[in-house]
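Let me begin by presenting the structure, written as structure tokens, before commenting on it.
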């Protein structure tokens, strides 16, 4: 992990799809802790981990763009050139931006996948688990899964360098 990735700021942002809260680590009251629990999930609130504002913004934007399927420019700007990404359909790993884009284009050719962000937190090692609900769009509308997942991101040089998928343990 680079020095840039280890740096922290006092001004952090906790987010969900519908809420954004700015916290100052030095001035944390019970109302802020309550909001953190609502937005990030109970285990993140108890751990006191918050997501750096720049990473929260990048991840929110990434999910917005994924649902439009207009991913090329954003992915090239936001992903590390050596990104390591899961190919969930085949149970393998993809390496590099072009491999990720080709994977998504194959997905988009078959279906219109949807991913809705429902919250995020930071782990002590700097990784950011994003709680998501997946779905598909077809001619009859959007169909959402009852199952929640966690997309866990690691960063290098300020860009997405690794993602893994975990089952959500709070669901």
Query raised in the report: What order do you get for 65-71, 109-115 when each peptide is scored by the mean count of other beta carbon atoms within 10 Å, highest first?
Result: 65-71, 109-115
Requested in this report: Give the calculated FRET efficiency between residue 127 and residue 107 to the nearest 0.05, with a Förster radius of 30 Å applied to their Cβ-Cβ distance.
Outcome: 0.80
Report task. Give me the number: length gained by fully extending residue 136 to residue 165, i.e. 0.36 nm times residue separation minus the C-alpha to C-alpha distance, one decimal in nm. Result -> 8.7 nm
Report task. Under 1.5 on a/c is rounded, so check that first for the range 70-171, then, if it is not, pick prolate when a/b is larger than b/c and oblate when it is not; a ≥ b ≥ c are the square roots of the alpha carbon gyration tensor eigenvalues. Result -> oblate
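None of the figures in this text is laboratory data; all of them are computed from the coordinates on show. Keep in mind it's a predicted model, so treat the numbers as computed, not measured. Positions of Cβ are generated from backbone atoms using ideal geometry, with glycine treated the same way; all protein chains shown enter the neighbour counts.
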